[in-house]
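Okay, so here's the structure we're looking at.
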Amino acid sequence: MTVWEAREEGLLRHLMPRLTRVGETELGVVLALMEAQPVREEGDDRSLLHITTPRGDLSAAMAYRLLRFGGLVAPFATSIWDTRVPSRVKFFCWLMVQKRIHTRDVLLKKHIVEPDDAGCPVCEEELESADHMIFSCPFARSFWGRIGINVEGVSVSCLDHLASAASSAVGSAPEFAMLCCWHLWKHRNAVVFQGQRPSLARLLGSCKEDALLWRGRLKETCRIHVETWMQATALG
Ligand SMILES: [Zn+2]
């Protein structure tokens with residue numbers, strides 16, 4: 001079957017009629033995508049933009065340059081991968097800054113939850129997004145307020161801004177900001193998957209516990225701030 005045949009004759013003609021429920025859902029997604037990309041009437045004009053001269057000739061020099069091109073480094077990449085936090089936290093933050101963690105807005109886009117179930121599991125107010133979960137949820141706001149970090153106007157996509165906000169409050173490098181985001185996520189998951197009630201005390205407690213555990217792996221320049229982190233997350 002070619003793409004053209006699937007377009008012309010419909011995809012369903014080429015499939016066996018015994019789909020599982022998951023298969024049916026996935027088929028719905030594929031059909032919606034196909035519908036969103038209608039075939040254009042005009043001819044399909046394709047060209048190698050990056051390796052041709054303005055006259056349209058193939059340029060060996062430009063092709064070579066493209067081959068040597070190492071790709072772009074995302075601005076937030078070094079501030080995540082160069083830290084000395086556990087790998088799982090780096091991966092979480094890497095996905096978070098790209099808004100690819102499985103908050104309910106992402107699950108909704110993937111047709112895993114229904115619109116009625118896409119609200120924030122902690123405050124039940126609005127659509128849960130990474131920015132809502134980390135910053136604008138009233139629970140998250142009270143957490144950042146409690147540890148003295150001003151997150152006004154900060155978004156998950158600019159982790160550097162959060163790191164500098166944390167730095168002015170608790171004198172830390174990005175590690176403390178990452179620690180807080182990681183525990184907000186773990187706290188949210190405990191509410192969703194273990195039925196726990198949101199609890200600022202529990203969240204602060206787990207941040208403090210990890211601050212102590214991470215101390216040994218941090219750079220000397222960062223280690224000296226751990227005491228301040230622990231005071232910021234202390235109860236009472
Ligand atoms: Zn919320």
Only one of (1) in contact with an Asp or Glu (Cβ under 7 Å, 6 or more places away or on another chain); (2) more than 16 Å from the ligand (Cβ to nearest atom) is not met by residue 129, so which one is it? (2)
In this structure, is residue 188 within 16 Å of the ligand (Cβ to nearest atom), within 16 Å of the chain's Cα centre (by Cα) and within 25 Å of residue 85 (Cα to Cα)? yes
Verdict on residue 175 being acidic (Asp, Glu), within 30 Å of residue 26 (Cα to Cα) and surrounded by 15 or more Cβ atoms within 10 Å (Cβ to Cβ): no
Taking the options 166, 177, name whichever one is more than 15 Å from the ligand (Cβ to nearest atom), touching a Phe, Trp or Tyr at 6+ places or on another chain (Cβ under 7 Å) and not acidic (Asp, Glu). 166
Take the residues in region 5-31 that are assigned to a helix (DSSP H, G or I) and of a type in the set (A, V, I, L, M, F, W, C), then tell me which one is nearest to residue 107 (Cα to Cα). 29
Sort through 233, 228 and tell me the only one that's of a type in the set (Val, Ile, Thr), over 21 Å from residue 97 (Cβ atoms) and in contact (Cβ under 8 Å) with a residue 60 or more places away in the chain. 233
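Here is a yes/no grid of residues against (1) surrounded by fewer than 13 Cβ atoms within 10 Å (Cβ to Cβ); (2) out of contact with any helix residue (DSSP H, G or I) (no Cβ under 7 Å at 6 or more places or on another chain); (3) acidic (Asp, Glu); (4) assigned to a loop (DSSP other than H, G, I, E, B):
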| residue | (1), (2), (3), (4) |
| --- | --- |
| 56 | yes, yes, no, yes |
| 65 | yes, yes, no, no |
| 84 | no, no, no, yes |
| 89 | no, no, no, no |
| 93 | no, no, no, no |
| 96 | no, no, no, no |
For region 98-117, which positions are surrounded by 19 or more Cβ atoms within 10 Å (Cβ to Cβ) and in contact with a helix residue (DSSP H, G or I) (Cβ under 6 Å, 6 or more places away or on another chain)? 101, 103
Among (1) exposed (fewer than 13 other Cβ atoms within 10 Å of the Cβ); (2) within 16 Å of the ligand (Cβ to nearest atom); (3) assigned to a helix (DSSP H, G or I), which single condition is residue 124 missing? (3)
Whichever residue in region 68-96 is of a type in the set (A, V, I, L, M) and at pLDDT 80 or above and, among such residues, is farthest from residue 189 (Cα to Cα): 80
Cβ pairs under 9 Å, 6+ apart or interchain, first in region 201-219 and farther than 11 Å from residue 175 by Cα and free of Cβ contacts under 8 Å to residues at least 24 places away in the same chain, second charged (D, E, K, R) and part of a helix (DSSP H, G or I), ordered by first then second residue, are 206/186; 216/223
Top-ranked residue of region 136-149 - restricted to ones that are more than 22 Å from residue 83 (Cα to Cα) and not small (Gly, Ala, Ser), ranked as nearest to the ligand (Cβ to nearest atom): 137
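The values are calculated or read from the model by the stated rules, or taken from the named source; none is laboratory data. Source: prediction; values computed, not measured. A quick note on method: Cβ atoms are made from the backbone with ideal geometry, for glycine too, and the neighbour counts reach across all protein chains shown.
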